[in-house]
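Asks: Quick one: the structure is below, questions incoming.
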Amino acid sequence: MKKRKKQVFHWFLWAAFLFYLLALVDLIIFKYSGARTREILSHWSVDAVRAHAETANYTPFRMIQLYLRHWEKIPKLAFANLVYNVTAFFPFGILVPMLRRGRRYLIPTVLGAFLFSLFLETVQLVTLLGEFDVDDMILNTLGAVIGMIGYAIVKKLWNEK
């Protein structure tokens with residue numbers, strides 16, 4: 001019976017992880033209203049993607065430094081871009097280690113968060129539904145690392161009881 005409960009819980013975790021990933025796609029890729037999304041996609045062309053790619057941020061820490069430097073002038077925008085990108089991937093850093101069931105999870109968590117973030121940024125670039133920003137990838141991966149550290153601390157404290 002105990003093994004069955006563990007299996008059910010593991011399947012529940014997988015379902016939660018999938019739901020979480022789909023929610024991220026919805027929040028990041030489909031952030032605009034349906035009408036606005038259709039309007040953006042109606043202007044899609046290879047040339048539009050090329051022009052969009054020229055405005056992307058490929059320089060690590062460029063936007064992070066900009067937001068920190070001008071925090072007083074643009075606090076809401078800076079907060080949204082810095083904090084939301086970190087917190088959005090915090091659950092990733094918790095769920096992946098839980099799904100690994102005690103196996104090593106550092107590389108799968110960090111690499112998985114980075115690659116999923118890269119996927120989201122690339123889709124935004126190619127579809128014109130957002131801006132490609134390497135700093136978002138850095139902040140997303142940092143969020144997953146913070147979540148993973150939190151998971152490890154709670155697990156350690158829980159096992160010491």
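Since every read-out is calculated from the coordinates, none of them should be taken as a lab result. Keep in mind the model is a prediction, meaning the values are calculated, not measured. Cβ: placed from backbone, ideal geometry, glycine included. Neighbour counts: every protein chain shown.
Asks: Grab the eigenvalues of the alpha-carbon gyration tensor for segment 88-134, scale each by 5, take roots, and send me the semi-axes largest first in whole angstrom.
Replies: Values: eigenvalues 138, 16, 10 Å².
In descending order the semi-axes read 26, 9, 7 Å.
Asks: Once amide H atoms are placed 1.01 Å from N in the peptide plane, what residues at a sequence separation of 5 or more from I74, or on another chain, have their amide H within under 5 Å of its amide H?
Replies: Distant-sequence amide H within range of I74: zero hits.
Asks: Counting only the backbone N, which residues of segment 74-102 are under 18 Å from the spot 7 Å out from the Cα of W14 toward its beta-carbon?
Replies: The answer is 95-102.
Asks: If the label point is 7 Å along Cα→Cβ of Q65, which residues in segment 123-143 have backbone nitrogen under 18 Å from it?
Replies: 133-139
Asks: Also, I was wondering about something else. Using the number of other C-beta atoms within 10 angstrom as an exposure proxy, rank Y151, Y32 with the fewest first. Each step should come with its number before you reach the end.
Replies: On the way: Y151 19, Y32 13.
Least to most surrounded, the residues fall as Y32, Y151.
Asks: Okay, next question. So what's Rg/Rh here for segment 36-161, counting alpha carbon atoms and using the Kirkwood radius for Rh? Can you show the working numbers first?
Replies: Numbers: Rg = 17.4 Å, Rh = 16.1 Å.
Rg divided by Rh gives 1.08.
Asks: Would you grab the residues whose amide H sits under 5 Å from the one on I29? Only those 5+ places off in sequence or on another chain, please, with H modelled 1.01 Å from N.
Replies: Counting only residues 5 or more places away or on other chains, the set is empty.
Asks: Next question, about the same structure. State, to one decimal in nm, how far the label point of K76 lies from the label point of K3, with both points 7 Å from Cα in the Cβ direction.
Replies: Spacing of the two 7 Å Cα→Cβ label points: 5.7 nm.
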